[in-house]
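The values are calculated or read from the model by the stated rules, or taken from the named source; none is laboratory data. Source: prediction; values computed, not measured. No Cβ is skipped: glycine too gets one built from the backbone with ideal geometry, and neighbour counts run over all protein chains shown.
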Amino acid sequence: MLLGIIAVLGLVALYVWSLYNQLVTIKTRIRASIQEIGNQLKRQADLIPNLTAAVKGYFKQEKEIFALISEARKAVMEALKESSAQKLVDASEKMQQALAPIRALFESTPQLRSVEPTVKLMDEVRDTADKVMYARRTLIDLTADYNIKIVTFPSNLVAKLFGFKPETGLKTPGEGEHLEVSAEELKTPKVGESL
Amino acid sequence: MINVYELQDSNKRRSALVIAVFIAFVLGVGWVFARLFDYGPGAIGIALIFAGLMSFASYWWGDKVILTLSRARPADRNRDFQFFTVAENLAMASQIPMPKLYVIEDTAANAFATGRDPRHAVVCATTGLLQKLDRSELEGVIAHEISHIKNYDTRLMSIVTILVGMITLLSDWFLRGARFSRGSREKEEGSLGAILLLVGVFLALLSPLIAKLMQLALSRRQEFLADSSAAILTRYPEGLARALEKIATDREPLEVANKATAHLYIVNPLKNLHSGVGWFAGLFNTHPPVEERIRILREMR
């Protein structure tokens, strides 16, 4: 009888222990993914001056396009200072939109694609954009995972015991994040096919 | 249209079912042999150890052995930019450590993953693959390989290989032993003993083949599972579908692949050597037909 009680208590303690560790780990990963979004955006912003220099003279309305880009860059820099996930993601979306004409130009101009450093630059820009997207998705998945654990039984008891609060994460449109991302993903190959 | 998450769940269930049937089969065969032959747990243990020793090397040093066999070189961020960065992103998205990346200098398009757990994982691609695929297609392929890593498929297949080896050894011993020990079996209880003996001979002859077929079925299931996990990871099944199309139409055989390493690749690298058609030939394939994989990927959403 006593042994049984001890065994049950031991199991409960093990459960609390492992759940606590899980929650703390997810929290750390959420913070890491926000940081990753920031890092990649910073990298992207650093690449921008080189990129605009490389495509100078190829556009008709160059001033407007470059103005939009530098505006987006400013937004990124401001968001970086605040390090709020939502602001970072909004800024990155702005940046993606501003960079779209450059991407289109790059796809339609063979001369540009034959210049080694420019190709490298575009590759880096695409990669940082991908990294932002994946980091953002990781952030969303982790936040959902964490928030579900906090409200469902019996993990909510443990969460309450240690005072875990729900994470805000990112605001997502009601339609679901994956739909939005897949639409965004579809854009890139289309540019290539329109050649 | 199939929901990706439901497909993933159904793939997981079917993999688990194949594994359960396989384990039940191994236990059943072991039990019949033990019963018939007074093997006792000792002999089964010895068979397991024998079979294990043979596969242990490939399990523990598998990554290194295969890389040496395939003459691979480590990937470089500058030289293999797309490969390197895509793998980096997908490893991050699937929350596993960055796998070691290797490149095989071969114009045939293919890729594989190996390593006993995500910490010792290796993803390897041929230069042909890296040249022929664009970034979204490459993302699909690498996501498929990363899913293999995340699902511990290398570990699973190594264990299955050990069990198949054990069955083969046991039935081999049984067939050899049965010839000599008939005299001592005579005093065994009548009809049950006779039926068991018949079943034993039957199993001894067929079980290695059955076990091998189950292993291949499992291998094909894990391919479907990795495809659906890749679709979840990239949210873009079309990338992998197009990549599979390109790889399948590429008729060039991969020179460094052989029967022992074939099941690791994303598409069977020995395609030119197998020309069998139909259901029966399908039983002996390590991979499901590419057309079917593409069809399923295109139906996802």
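When you check residue A:149 against the structure, is it at pLDDT 55 or above and closer than 14 Å to residue A:89 by Cβ, yes or no? It is false that residue A:149 is at pLDDT 55 or above and closer than 14 Å to residue A:89 by Cβ. Screening region A:84-103 for residues that are small (Gly, Ala, Ser) and touching a helix residue (DSSP H, G or I) at 6+ places or on another chain (Cβ under 6 Å) and picking the one that is surrounded by the fewest Cβ atoms within 10 Å (Cβ to Cβ) gives A:98.
In region A:15-39, the residues that are away from chain B (no Cβ under 12 Å) reach residues that are charged (D, E, K, R) and surrounded by 14 or more Cβ atoms within 10 Å (Cβ to Cβ) with C-beta atoms within less than 9 angstrom, at least six apart or across chains, in these pairs: A:19/A:149; A:22/A:149; A:23/A:149; A:27/A:167. Taken together, the residues in region A:99-142 that are within 25 Å of residue A:67 (Cβ to Cβ), of a type outside the set (A, V, I, L, M, F, W, C) and part of a loop (DSSP other than H, G, I, E, B) amount to 1. Restricting region B:77-103 to residues that are part of a helix (DSSP H, G or I) and out of contact with any Leu (no Cβ under 8 Å at 6 or more places or on another chain), the residue that is farthest from the other protein chains (Cβ to nearest Cβ) is B:91.
Looking only at region B:116-127, residues that are in a helix (DSSP H, G or I) and within 23 Å of the chain's Cα centre (by Cα) come to 3 in all.
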